[in-house]
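Asks: Have a look at the structure that comes next, please.
The values are calculated or read from the model by the stated rules, or taken from the named source; none is laboratory data. All figures in this text were calculated on a predicted structure; none of them were measured in a lab. Virtual Cβ from ideal backbone geometry, glycine too; neighbours counted across all protein chains shown. Calculation scope for accessible area: heavy atoms of the full protein, side chains included, ligands and nucleic acids excluded. Shrake-Rupley method; radii C 1.70, N 1.55, O 1.52, S 1.80 Å.
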Amino acid sequence: MEAVTFGVLGAVTARRGPDALALKGPRHRAVLARLILARRRVVPVARLVEDLWDAPPPRAVGAVRTFVGDLRRALEPDRPPRAPARLLVTEGPGYALRAAPDTVDAWRFEAAVAEADRLPAAQAPERLRAALGEWRGPAYAEFGAADWARGERSRLTELRLRAVERRAELLVELGRAAEAVPDLDAHLTEHPWREESWRLLALALYRTGRQADALAVLRRARALLAGRLGIDPGPRLRRLEAGILAQDPDLDPPGEPADAAARLWARATEAYDRTVAAGSRARLESTVGLLRSLAVTGGGGLEAAREHRMTAVQAAEETGDAELTARVIGAYDVPANWTRSDDPALARRLVDAAERTLAALPEGPGTEAARCRLLATVALESRGVRSPRGPRAAAEAEGIARRLDDPALLAFALNGVFMQSCTRAGLAPRRDSVGAELVALGARHGLVNYEVLGRLIRLQARSARADFTASDEHAAAVDRLAERHERPLVAVFTAWYLALRRAATAGPSAGSHDRAEAAYRSAAARLDGAGMPGLERGLLPLALLGLRLAHGRPPEVDPGADWGPYRPWAEPFALLAEGRGTEARSALRALAEPPPDLLYEALCCAEAALALALDDRPALRRTHDRLLPASGELAGAGSGLLTFGPVDGWLGAIRRALEADPGPV
């Protein structure tokens, strides 16, 4: 069973894997939070009573024991009756939570910040970025008024502020000053008393060639410090101002950013700073607009957008304004074509933020559009996750958008519907209809990005039915759109489509097979630097496996290849090739149902190939039932990327194996 993980950097949570555990009422959560705060030490029952109630009721001790019992059942549901607890333990006069150091987000955050101090300067910013990514909101968010939490909240908050500043300082020192500007600006909007942040922002601006903006920042700092705190800027700020006015060579950057993404981000933030007043809440919303524009450029722009998006959401949440937060989350309506997340951890945090905002958003007609965008975000960011919440959110978002008759809103909602349309095999026709509506909406209302998305969806869906005439038309149309509107990522998908088409129509000869393999390898090269790890990892070896199986060749799985998320389906083939049939059978039986994404049918066929090789009848029946709704399709071709051959061929092979005499048992 997966370990339980705990979160206190935001609302107090407990999870097992992706699933949140039910912690019942606020006092149950308070007990858990108080035990986490104690860091594995015992908290006496008397202290818990004192912390939970201003005026304890007569049976407070019994109530605490009840809370602890409920928590134990949630944390260790499989613990036998009367067996001692292993996680929330009784010890002496009280209780202790024996959580492992890496299972509490606050403890991981502190360890990562300490580790960053020991790393080489070039590696530390990324470690600090990952550490800051642990934050979902204010520490121990729902216990801000509790005396027992106040000191720890202040300590963690200060550590976080210093980590933001340390990361910015490192970026400036490394010649990556442009990357530091947006984070520092958002940071100062909420924490304007941080003199070091003002200094770093001014220095970063100066080092990106923006002397006037740097001086303007220092003037704002002086005015804010005098107006709010009645003090003058400290000596470091004064020295920096004098150095900028004198154009001191010691302030010059160590080198220009060589990375294209850094240059792109620098140009974007210059425009951003020219047009939006610092300190305004509109700045948060405009940040997301900037990130949305960056994302469609692909490569470094997409990575930069992904990196900075959560920062904007966190800053919005910290304002306590649910409607502002809803606008910031919902403004990132970047069309998504691939049903596996590039950053699953970030996706979970975005879903959590959207769900919190949905709960806090006032009901009423004035917030329906914001609610629709939040629901669409939940559907999009839940891609590839088997849960009823994603499809429900998609359906609800679509219903609101159709009621409001807003084309852009409907396009965003339909993207969520598409992302949740892979819950079983055989749903390509449904995706085709979604794609057709997106094409029509995009063409009619000038929504170019969604017209591109609709074309790609239709290309995928028609490929699933081996209708390559229609797919060719969509590929040509989407390439024209991409060239006209500068959408470089489109070429990645159309190159893979051409490789799929070659593989699907290749004959049995060695030459045809080799040409199809070369086409896959050529398409894979386009993924390098495209900024889409959720698509890239494991895709080429899976495509080559499908090519061999579709042509009746031995699988020849290379266990040393980067199989990414598809490794569980590859390893049994390697075991079988090594003559370790018993282990291969165990690995086959341990396989989970493939995730609900565009490669569902392909992975079902990989499992079917294993089951056929091992004559594993339960696995054969399971894969037959899963594949049956896709009868008549090309397995995996609904991805627009690869194929394992006709589904009907696999169904026929499975039926023949099941009808054969299994022999003596």
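Asks: What per residue convex hull volume, in Å³, do the alpha-carbon atoms of the range 522-585 yield?
Replies: Here the figure is 87 Å³ per residue.
Asks: Report the extension gain between L119 and E76 in nm, rounded to one decimal, defined as 0.36 nm multiplied by the number of residues separating them, less their alpha carbon distance.
Replies: Here the segment from L119 to E76 would lengthen by 11.8 nm.
Asks: Sticking with this structure for a sec: Using modelled backbone amide H atoms (1.01 Å from N, in-plane), which distant-in-sequence or interchain residues come within less than 5 Å of Y95's amide H?
Replies: V43, V45
Asks: At R0 = 35 Å, how high is the FRET efficiency between R403 and E473 if r is their beta carbon distance? Nearest 0.05 is fine.
Replies: About 0.55, to the nearest 0.05.
Asks: Convert each backbone phi in the range 150-163 into a coupling constant with the Karplus relation 6.51 cos²θ - 1.76 cosθ + 1.60 (shift: θ = phi - 60°), then list the ³J(HN,Hα) values in order as whole Hz, x for Gly and Pro.
Replies: Values, residue by residue: 4, x, 5, 4, 5, 5, 5, 5, 5, 5, 5, 4, 5, 5 Hz.
Asks: Ordered by residue, what ³J(HN,Hα) values in Hz, to whole numbers, does the range 447-464 give under the Karplus form 6.51 cos²θ - 1.76 cosθ + 1.60, where θ = phi - 60° and Gly and Pro are x?
Replies: 8, 4, 4, 7, 5, 4, 4, x, 5, 5, 5, 5, 4, 5, 5, 6, 4, 4
Asks: For an R0 of 60 angstrom, estimate the FRET efficiency from the Cβ-Cβ distance between D232 and D102 and round to the nearest 0.05.
Replies: That gives a FRET efficiency of 0.85.
Asks: Calculate the length of the line joining the C-alpha centroid of the range 347-390 to that of the range 189-251, in whole Å.
Replies: Here the two parts' Cα centres lie 39 Å apart.
Asks: Same structure, new question: When Rg is the radius of gyration of the Cα atoms in the range 197-241 and Rh is its Kirkwood radius, what does Rg/Rh come to?
Replies: Across the range 197-241, the Cα-based Rg/Rh ratio is 0.98.
Asks: I'd like to compare 189-199, 583-593: which one has the highest average count of other Cβ atoms within 10 Å, and what's the full order after that?
Replies: 189-199, 583-593
Asks: With n ≥ 4 as the cut-off for DSSP H runs, can you work out [θ] at 222 nm for the chain, using -39500 (n - 2.57) per run divided by the number of residues, rounded to the nearest 500?
Replies: It comes out at -20000 deg cm²/dmol, rounded to the nearest 500.
Asks: Still on this structure: Tell me, what is the per residue accessible area of the range 458-611 in Å², probe radius 1.4 Å?
Replies: Heavy-atom accessible area per residue stands at 42 Å².
Asks: Same structure, new question: Would you please state which residues of the range 95-125 a label at R162 would reach in this model, taking the label point 7 Å out along Cα→Cβ and a backbone N cut-off of under 18 Å?
Replies: Under cut-off, by backbone N: 106-119, 124-125.
Asks: Next question, about the same structure. To the nearest 20 debye, what is the magnitude of the charge dipole of the chain about its Cα centre, counting +1 on the Cβ of each Lys and Arg and -1 on the Cβ of each Asp and Glu?
Replies: The calculated dipole for the chain is roughly 1340 debye.
Asks: Just to confirm the filter: which GluC sites (Glu not before Pro) across the range 512-580 are DSSP coil and have at most 16 other Cβ within 10 angstrom of their Cβ?
Replies: Hits after loop and neighbour filter: E556, E578.
Asks: Taking the Cα centroid of the range 570-649 and of the range 393-422, what is the distance between the two, rounded to the nearest whole Å?
Replies: About 32 Å separates the Cα centre of the range 570-649 from the one of the range 393-422.
Asks: Sticking with this structure for a sec: Tell me, in nm to one decimal, what length is gained between A660 and R521 on full extension, where the rule is 0.36 nm per residue of separation less the Cα-Cα distance?
Replies: Contour length minus Cα-Cα distance gives 46.2 nm.
Asks: If the convex hull of the alpha-carbon atoms of the range 403-489 is projected onto planes in all directions, what is the mean projected area in square nanometres?
Replies: Projected over every direction and averaged, the Cα hull of the range 403-489 covers 5.8 nm².
Asks: Could you grab the relative contact order for the range 38-111? Cα pairs under 8 Å, six or more apart, rounded to a whole percent.
Replies: 39 percent
Asks: Under unit Cβ charges (Lys, Arg +1; Asp, Glu -1), what dipole magnitude, rounded to 20 debye, does the range 483-625 have relative to its Cα centre?
Replies: 280 debye
Asks: Then there's this: With the Cα gyration tensor of the range 32-160 in hand, convert its eigenvalues to equivalent ellipsoid semi-axes via √(5λ) and list them largest first in whole Å.
Replies: 32, 19, 11
Asks: Read phi for every residue in the range 378-393 and hand back ³J(HN,Hα) as whole Hz from Karplus 6.51 cos²θ - 1.76 cosθ + 1.60, θ = phi - 60°, with x for Gly and Pro.
Replies: Calculated HN-Hα couplings, in order: 4, 5, 5, 7, 8, 4, x, 10, 7, 7, x, 5, x, x, 5, 4 Hz.
Asks: Nearest 0.05, what FRET efficiency do E483 and A360 give at R0 = 51 Å with Cβ-Cβ as r?
Replies: Given R0 = 51 Å and the Cβ-Cβ separation, E is 0.70.
Asks: If contacts are Cα pairs under 8 angstrom and at least 6 residues apart, what is the relative contact order of the range 110-160 in percent?
Replies: Worked out over the range 110-160, it gives 29 percent.
Asks: State the percentage of accessible surface on the chain attributable to carbon and sulfur atoms; use a 1.4 Å probe and exclude ligands, DNA and RNA.
Replies: 52 percent
Asks: Over the chain, what is the mean sequence separation of C-alpha contacts under 8 Å (at least six apart), divided by residue count, expressed as relative contact order in percent?
Replies: 8 percent
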